[in-house]
């Protein structure tokens, strides 16, 4: 079975990987799917650019990866080399004259969809896939459906509906509804996302819940003291950890307000915030307002081994999100054997069973969160109990091997 995936992919820049939850999911899922003997996997990694037409395709392990050419005037000859002058110009003309782009938006002109369609057509014609699997319910699936002439079944993974939170929600609602119409199957990464999809018009029987997974060989429990030694951090100080983008829906302000209320006070407790984003200046001002300058540390973004060290070094992880499609950082900390406090929203309850694999608190509940942080920081045995159960939960339900197996079953059902 030939599967054509379309989505973001982790990229290397100046020796550092830049990634996100969806890019990681695409990479891990395609790698694990490629291990199935009856599958051949092709990925169009639309965030993984190249400057040369000759480098747009490479084989990585057991799967093939295709990369778009970086959109520069100096690279125009590379586009011509890959697609041919006539085909390239004809595609741009079709979008300019509304023949194709009207499928996406009635009046909005955007040439990136013309290029995307060209890439999809080239891969489809050369590889002849049995299924197209697009990540996110927006342009990718619709353009791929058009590029294939509607003849290849479309599967769409619904990672989130964050477009509804932006300045143009009506535009995204229109895209989601079109995606639901052309897709044969939808994969929701949590029960919350499935519920949202159905409310937006997806058919319940066509929408399956398959969570994103985690590499449990990469995120493993390790000595708290050893991790702190490597990070040059005090062994006596309690660490409350936050990992995520510094944006409104992640609720860092809720955590900071809760932290400021700890009794007898946060002098011997540190709140370590890992991540960056547009709210950093505002959050630093909040830190000063709450007189937490000596207790709250902003570390910026961390990746790889250093991020794993912080998971192992902390006492608890807090995920105070106002909205969360799934929450991969929850799984990462759970896999490291840590107690996690998470807000009872979105996909977080799919991973945290309250008082068994972690602790849930009510969204926006500052006093509730404060009480639960105090409870865990004062009860080491409870932290150990939750951490052990959390690791077992991840191993039982959230490995990428299991996710790939469930996804392959869905493909086979679609082919029957």
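The values are calculated or read from the model by the stated rules, or taken from the named source; none is laboratory data. Predicted model only: the values in this text are computed from it and were never measured. So basically every Cβ, Gly included, is an ideal-geometry build from the backbone, and we count neighbours across all protein chains shown.
Table for the structure above
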quantity	calculated
Considering residues of region 383-413 that are assigned by TED's automatic domain parsing to the domain that holds residue 249, touching a strand residue (DSSP E or B) at 6+ places or on another chain (Cβ under 7 Å) and over 16 Å from residue 216 (Cβ atoms) only, the residue surrounded by the most Cβ atoms within 10 Å (Cβ to Cβ)	386
Members of region 253-296 that are touching a residue at least 60 places away in the same chain (Cβ under 8 Å) and under 24 Å from the mean Cα position of the chain (by Cα)	254, 255
Residues of region 228-250 classified as buried (at least 22 other Cβ atoms within 10 Å of the Cβ) and out of contact with any strand residue (DSSP E or B) (no Cβ under 7 Å at 6 or more places or on another chain), total	1
Complete set of residues in region 61-86 that are surrounded by fewer than 16 Cβ atoms within 10 Å (Cβ to Cβ), in contact with a helix residue (DSSP H, G or I) (Cβ under 7 Å, 6 or more places away or on another chain) and touching a residue at least 24 places away in the same chain (Cβ under 8 Å)	61
Count of region 351-370 residues which are modelled with pLDDT under 95 and buried (at least 16 other Cβ atoms within 10 Å of the Cβ)	2
Residues of region 317-344 satisfying the condition of being surrounded by fewer than 23 Cβ atoms within 10 Å (Cβ to Cβ) and more than 16 Å from residue 159 (Cβ to Cβ)	322, 332, 344
Within region 273-349, helices (runs of 4 or more DSSP H) holding 2 or more residues that are within 20 Å of residue 258 (Cβ to Cβ)	280-289, 328-335
Among (1) surrounded by fewer than 18 Cβ atoms within 10 Å (Cβ to Cβ); (2) touching a helix residue (DSSP H, G or I) at 6+ places or on another chain (Cβ under 6 Å); (3) modelled with pLDDT of 90 or more - the single one residue 92 does not satisfy	(3)
Considering residues of region 95-113 that are in a helix (DSSP H, G or I) and touching a helix residue (DSSP H, G or I) at 6+ places or on another chain (Cβ under 8 Å) only, the residue modelled with the highest pLDDT	113
Sole residue being touching a strand residue (DSSP E or B) at 6+ places or on another chain (Cβ under 8 Å) and free of Cβ contacts under 8 Å to residues at least 24 places away in the same chain, chosen from 360, 307, 331, 299	360
Residue check, residue 381 farther than 17 Å from residue 240 by Cβ and part of a helix (DSSP H, G or I)	yes
Single unsatisfied condition, residue 23 versus (1) modelled with pLDDT under 85; (2) over 19 Å from residue 154 (Cα atoms)	(1)
Restricting region 1-18 to residues that are part of a loop (DSSP other than H, G, I, E, B) and touching a helix residue (DSSP H, G or I) at 6+ places or on another chain (Cβ under 8 Å), the residue that is modelled with the lowest pLDDT	10
Residue match in region 402-415 (condition: outside any helix (DSSP H, G or I) and over 20 Å from the mean Cα position of the chain (by Cα))	no
Candidates 58, 31 - the one that is surrounded by fewer than 17 Cβ atoms within 10 Å (Cβ to Cβ) and within 21 Å of residue 132 (Cβ to Cβ)	58
Given (1) under 25 Å from residue 78 (Cβ atoms); (2) in contact with a helix residue (DSSP H, G or I) (Cβ under 8 Å, 6 or more places away or on another chain), number of the condition residue 125 does not satisfy	(2)
Scan of region 114-143 for residues that are part of a helix (DSSP H, G or I) and under 16 Å from residue 30 (Cβ atoms), ordered by number	123, 127, 140
The listed residue being touching a residue at least 60 places away in the same chain (Cβ under 8 Å) and surrounded by fewer than 19 Cβ atoms within 10 Å (Cβ to Cβ), out of 203, 171	171
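Yes/no matrix, rows are residues, columns are (1) at pLDDT 90 or above; (2) within 28 Å of residue 245 (Cβ to Cβ):
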| position | (1), (2) |
| --- | --- |
| 159 | yes, yes |
| 162 | no, yes |
| 187 | yes, yes |
| 200 | yes, yes |
| 204 | yes, no |
